[in-house]
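Structure first, then comments.
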Amino acid sequence: MAHFLGHEGPGSTLSYLKRHGWVNSLRAGFQSGSVGFDFFKVTVDLTADGLVHYKDVAMTIYKYIHLLRSVPPQEHVFKEIKALSDIGFRFVERGHASSYASELSTQLQQPVPRQKIISSQWLVERFDPEELKDAVQLLDIRRSVITVTAKKMPADVGPLDKAEPVYGTKYRRDKIPEEFVKEVS
């Protein structure tokens, strides 16, 4: 999913959103939640016009996820991703020892066989279409949180009626509208 959602070439979600002038960048991947539990996160850097169209941007991403659900996993795509990850691991640039130690200590907390601690964040090993189908099913709008962060919010957001207790940052929390859920499902 990170490969497809984070793709930057022609025909990608990013190229579509950039063509509309709504985004500068899009990143997709995992964010650590807890031991053995990660979040899948799509982060989009919106332009000023993109902020106005934040619902359209979210709609585009969820419609693309719906499209991914409709196509069975393809082994030739897996082989391409595997080849790229093998190359990435083989030719990774050396970083600072302190950064490497920090990254390694994070990896040691993951439920990964010890002999694969160093390579596990890079390499993909087996094609399992059922696991891939199950994973893409988890990317459901009803299980999602959409966050918009900006100095000045779009007019249709409404008043920021809550405040975070430590810094007093104002925010608003709304349920994703049912019409939106229906349109992307």
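Here are the numbers for the structure shown:
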{"item": "Semi-axis lengths (Å, descending) of the ellipsoid that matches the C-alpha gyration tensor of the chain", "result": "32, 22, 17"}
{"item": "Whole-Hz ³J(HN,Hα) from phi, Karplus 6.51 cos²θ - 1.76 cosθ + 1.60, for segment 53-67, glycine and proline x", "result": "9, 4, 5, 5, 5, 4, 4, 4, 5, 5, 5, 5, 4, 4, 4"}
{"item": "Relative contact order computed over segment 33-129 (Cα-Cα under 8 Å; 6+ residues apart), in percent", "result": "37 percent"}
{"item": "Fully extended contour minus Cα-Cα distance, from A163 to V145, at 0.36 nm per residue", "result": "4.6 nm"}
{"item": "Chymotrypsin sites (Phe, Trp or Tyr not before Pro) restricted to DSSP loop in segment 13-105 with at most 16 other C-beta within 10 Å", "result": "F91"}
{"item": "Segment 89-96 - phi-based ³J(HN,Hα) in whole Hz, Karplus 6.51/-1.76/1.60, Gly and Pro as x", "result": "5, 5, 10, 4, 6, 5, x, 6"}
{"item": "Loop-resident sites, segment 1-108, for GluC sites (Glu not before Pro), counting at most 15 other Cβ within 10 Å (DSSP)", "result": "E8, E93"}
{"item": "Calculated FRET efficiency for the pair A101/L138, C-beta based, R₀ 25 Å, to 0.05", "result": "0.20"}
{"item": "Segment 97-178: radius of gyration over Cα atoms, expressed as a fraction of 2.2 N^0.38 Å", "result": "1.73"}
{"item": "Extension gain (nm, one decimal) between F89 and I176, 0.36 nm per residue minus Cα-Cα", "result": "27.4 nm"}
{"item": "Student exercise, segment 44-185 dipole from Lys, Arg, Asp, Glu Cβ charges, in Debye to nearest 20", "result": "340 debye"}
{"item": "Global size of segment 7-72 as Cα Rg and Dmax, reported in angstrom", "result": "13.1, 39"}
{"item": "Relative contact order, percent, segment 55-185 [alpha-carbon distance under 8 Å, six or more residues apart]", "result": "33 percent"}
{"item": "Semi-axis lengths (Å, descending) of the ellipsoid that matches the C-alpha gyration tensor of segment 41-132", "result": "31, 22, 13"}
{"item": "Simple spin-label estimate for W122 and D45 in nanometres, 7 Å along Cα-Cβ", "result": "2.6 nm"}
{"item": "Loop trypsin sites (Lys or Arg not before Pro), segment 24-124 (other Cβ atoms within 10 Å of the site Cβ: 12 or fewer; DSSP)", "result": "R94"}
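Taken together, the values in this text are just the output of simple stated rules run on the coordinates, not laboratory data. In this text the structure is predicted, and so the values were computed from the model without any measurement. Note: ideal-geometry Cβ built from the backbone for every residue, glycine included; neighbour counts use all protein chains shown.
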